[in-house]
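First comes the structure, then the notes that go with it.
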Amino acid sequence: MQKPDSIIFDMDGTLWDAVDTYTESWNIVFTDLGIDKSVNRDELAKMVGWEGKKVWNAIMPGYSAERQEEIYGRVNDVRKVLLPQKGGVLYDGVREGLAELATKYQLFIVSNCAKGIIRLFIDWAGIDEHIIDEIAYGTNYMPKHHNIKLLIDRHQLKNPVYVGDTEGDGEQSRLAGLPFVFVSYGFGATDDHDVRFDNFRDFTEYFMGL
């Protein structure tokens, strides 16, 4: 792996865990709409990192695409209210690590979340000064490798790496032509990585030493 000039992060499972808040947002909407359905944390945790439409199909099978999108829109409206209040769990060492890494690298976020969620995370975590740019799946409904390439072109990055916690993150990183850095403390597992870390402090130490 060449010495990178920039680091592009996944969000959920890599920088924080907001599954409890995400779960609550789904269940509030189901209750409000009178839908006899609920989801729990374990179910939703398995879907972290999926593109929105795949999540809709898993949670709302049998609904039309239009109805799925309508309900998901309501879920994200609720989520945008809940996240600033409840946030999630920022992984140990992330806030301090990003501050340190930003002195050496350009930092970005690419996530499969809805439009506006990355910004809510950045504001909640207090890391705005460290993150140069971000793209969510909900911005253009394109896969991660496409949005990673958008950031690379937009900021003329030379040697970026992508950091994520799932096999899908690794696949998308490869499609974008980037080295993949796997963090094992998130929601997924994979053996296809260039380097692996079990906590964010070790990740920070490694990249600060390059």
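Taken together, the values in this text are just the output of simple stated rules run on the coordinates, not laboratory data. Note that the structure is a prediction, hence the values are computed from the model and not measured. For neighbour counting, all protein chains shown are included, and Cβ atoms are generated from backbone atoms with ideal geometry for every residue, glycine included.
Computed on the Cα trace of segment 71-146, the radius of gyration divided by the Kirkwood hydrodynamic radius gives Rg/Rh = 0.99. Across the alpha-carbon atoms of segment 19-86, the computed radius of gyration and Dmax are 11.2, 33 angstrom.
Give me the Å³ per residue figure for the convex hull around the C-alpha atoms of the chain. Show your work: numbers first, answer last.
Working: hull volume 22.9 nm³, N = 210.
Output value, Cα hull per residue: 109 Å³.
Here the spin labels are modelled as points 7 Å beyond Cα on the Cα-Cβ line, and at residue 95 and residue 42 they lie 3.2 nm apart.
In this Cβ point-charge picture (+1 for Lys and Arg, -1 for Asp and Glu), the chain has a dipole of about 460 debye about its Cα centre.
Just name one of 57, 124, 156: the one whose Cα is farthest towards the positive end of the charge dipole of the chain (beta-carbon charges, Lys/Arg +1, Asp/Glu -1). The Cα lying farthest towards the positive end belongs to 156.
With the simple model of a label 7 Å out from the Cα in the direction of the Cβ, residue 31 to residue 199 spans 3.7 nm.
The convex hull built on the alpha-carbon positions of segment 119-186 has an orientation-averaged projected area of 5.1 nm².
Consider a paramagnetic label point 7 Å from the Cα of residue 133 along Cα→Cβ; state which residues of segment 152-167 have an amide N under 16 Å from it. Under cut-off, by backbone N: 152-162.
So what is the 222 nm mean residue ellipticity for the chain from helices alone, if each DSSP H run of at least 4 adds -39500 (n - 2.57) and you divide by all residues, rounding to the nearest 500 deg cm²/dmol? Walk me through the numbers before you get to the answer.
Values: 10 runs with 100 residues, N = 210.
Helix contribution divided over all residues of the chain: -14000 deg cm²/dmol.
Kindly rank 1-11, 160-170 from highest to lowest mean number of other beta carbons found within 10 Å of each residue. Write down the numbers at each step before the final one.
On the way: 1-11: 19.1, 160-170: 24.2.
Order by mean packing, descending: 160-170, 1-11.
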